[in-house]
């Protein structure tokens, strides 16, 4: 029984010391945060969280991250703090800051929802109302810009599609021109071949004529020679007969 009491006492003391250390780190974090030393304050709050996680350590850590423009991490810490909050005033502050972090990320639709939750827990939050109005205005501008970009994209795609539809026609026209050019080329080649053939025929006719002339000359020589021979024979025979 005494052993159990002693163990319980040790656990209570350790818990108290841990709580004291966490509280000390929270106070150090608050002091550093007040001087604008957000990186050092973050370290103190993280130590406090590791020793004893609490609503204050999560919320204040989210604030230091916001001031260091680390909005993704800040959103997570605010969501963590929102899960620990039980009082409406705390919830209103948490969701207000969560809306700010989401706004910085240009997630205007989500920031609007966060501001609405903040107003649910504190309907008189003037600053939250102002931020809500600004977020709605920015969301409208964002949607208009996105719509404009989509229209430009659709127009570009449409022009590209029309161009692709026109290309086959251009190809057909090009093919026809190519076919016509090829036909003209073939016709010209055929004409050149015919002309070459005519020229060749002319050359052949000239050659044949030359050969024919030579044959005729040879024949004429042969005839003259034959006539000479026959004349000679007749003379001798006549002389003999005479």
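Quick notes on this structure:
- Taking the stretch 96-120 and a reference point 7 angstrom along Cα→Cβ of residue 146, the backbone N atoms nearer than 15 Å belong to 103, 105-113.
- Per-residue extension of 0.36 nm, minus the Cα-Cα distance of residue 160 and residue 136, leaves a gain of 5.1 nm for this segment.
- For the stretch 39-99: rounded, prolate or oblate by the Cα gyration tensor [a/c cutoff 1.5]: oblate
- Contact order normalised by residue count of the stretch 85-165, Cα under 8 Å, 6+ apart, percent: 25 percent
- Relative contact order (percent, whole number), the stretch 16-70, Cα cutoff 8 Å, 6+ residue spacing: 36 percent
Read the figures in this text as sums done on the coordinates, not as results from a lab. What you see is a predicted model; the values in this text were computed from it and never measured. Every residue, glycine among them, receives a Cβ derived from its backbone with ideal geometry; neighbour counts consider all protein chains shown.
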